[in-house]
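Q: Below: one structure in structure tokens.
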Amino acid sequence: MGYTYEYAHYAVTVDNVIFNLKDPDIPKVLLITRKNKPFKGKLALPGGFLDPEDRNGMFGALRELKEETGLNCTYLTQVCTLTKMDRDPRERCISIVYSGFYNGIQKPVAQDDAATVQWVSINTLRKDMLAFDHATAIWKAIDVMF
């Protein structure tokens, strides 16, 4: 038996702000180049829609990180939740943002819906370079993690 609600239901996404501190003077953040619309060709955080099988947001974030970059992260912390109405042109999406550090030797490899993946110095990032509201997510993660 299904349920009917008078209130709207929104999509939930998870985004990962993963920092590399191999050069502690210039932290880098892991970014993909989007393979698909919206924002095809723009830099973005590894992430995506929460799957029904994900036990919670963190499991979804870890799954998306692995699917798009091939990297495993052992620890993530929840940084913020982004809820702005127009943050995704496809539909109303609420994003749970997670952050962590990666200091392993494995190099990220673009997979799934990522055309490329790279470590980008946080000193070179500009809001207009990033898809969605990912600049906001990165700045909030910097505030929390550093």
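The values are calculated or read from the model by the stated rules, or taken from the named source; none is laboratory data. What you see is a predicted model, and the numbers here were worked out from it, not measured in a lab. Every residue, glycine as well, gets a Cβ built from its backbone with ideal geometry; the counts of neighbours run over all protein chains shown. The protein model used for the area step is the full one, side chains on, heavy atoms only, and it has no ligands, DNA or RNA in it. Shrake-Rupley method; radii C 1.70, N 1.55, O 1.52, S 1.80 Å.
Q: Mind listing the long-range amide H neighbours of THR116? Cut-off is under 5 Å, sequence gap 5 or more, other chains count too, H placed in the peptide plane at 1.01 Å from N.
A: THR33
Q: Still on this structure: About its Cα centre, what dipole magnitude does the stretch 1-139 give when the only charges are +1 on Lys and Arg Cβ and -1 on Asp and Glu Cβ, stated in debye to the nearest 20?
A: Roughly 400 debye for the stretch 1-139.
Q: Could you calculate the contour length gain from THR77 to PHE39, that is, 0.36 nm times the residue separation minus the distance between their Cα atoms, to one decimal place in nm?
A: Gain on extension, THR77 to PHE39, equals 11.0 nm.
Q: A further question on this structure: In the stretch 52-122, if every C-alpha pair distance is counted and binned at 10 Å from zero, what percent goes to each bin?
A: With a bin width of 10 Å, the distribution comes to 17, 42, 36, 4.
Q: Next question. Hey, if we sort GLU67, GLU6, GLU91 by accessible area with the 1.4 Å probe, largest down, what's the order?
A: Descending accessible area places them as GLU6, GLU91, GLU67.
Q: Starting from 0.36 nm per residue, how many nanometres of slack lie between ILE105 and ILE122 once their C-alpha separation is accounted for?
A: 4.1 nm
Q: In whole Å, how far is the Cα centre of the stretch 26-42 from that of the stretch 99-140?
A: Cα centroid of the stretch 26-42 versus Cα centroid of the stretch 99-140: 6 Å apart.
Q: To check you understand DSSP bridge types, tell me what percent of the beta bridges within the chain (both residues inside) are antiparallel, rounded to 5.
A: Once the DSSP bridges in the chain are tallied, antiparallel ones form about 65 percent.
Q: Using a 1.4 Å probe over the heavy atoms of the protein chains, calculate the carbon and sulfur portion of the accessible area of the stretch 1-50 as a whole percent.
A: 55
Q: Return a whole-number percent for the relative contact order of the stretch 13-146, with Cα pairs under 8 Å and 6 or more residues apart as the contact set.
A: 34
Q: Separate question: Would you calculate, for the chain, the mean residue ellipticity at 222 nm contributed by helices, counting each DSSP H stretch of 4 or more residues as -39,500 (n - 2.57) and dividing by all residues, to the nearest 500?
A: -5500 deg cm²/dmol
Q: Can you list the residues, at least 5 places off or on another chain, whose amide H is less than 5 Å from the amide H of LEU71, using H built in the peptide plane?
A: Counting only residues 5 or more places away or on other chains, the set is VAL109.
Q: Could you tell me what fraction of 2.2 N^0.38 Å the Cα radius of gyration of the chain comes to, as a two-decimal ratio?
A: Dividing the Cα radius of gyration by 2.2 N^0.38 Å gives 1.04.
Q: Still on this model: Mind pulling the angle between the C-alpha long axis of helix 57-69 and the longest principal axis of the chain? Nearest 10 degrees, somewhere in 0 to 90.
A: So the inclination is approximately 50 degrees.
Q: If you don't mind, there's one more thing I want to ask. Place a label point 7 angstrom from the Cα of VAL12 along the Cα-to-Cβ direction, then list the residues of the stretch 83-116 whose backbone nitrogen is under 12 Å away.
A: What the label zone holds, given the 12 Å backbone N cut-off, is 94-97.
Q: Right, next: Tell me, what is the per residue accessible area of the chain in Å², probe radius 1.4 Å?
A: About 58 Å² of surface per residue is accessible.
Q: Residue separation times 0.36 nm, minus the C-alpha to C-alpha distance between ILE26 and MET85: what's the value? Don't skip to the answer; put the middle values down first.
A: Values: separation 59, 0.36 × 59 = 21.24 nm, distance 3.32 nm.
The ILE26-MET85 span can extend by a further 17.9 nm.
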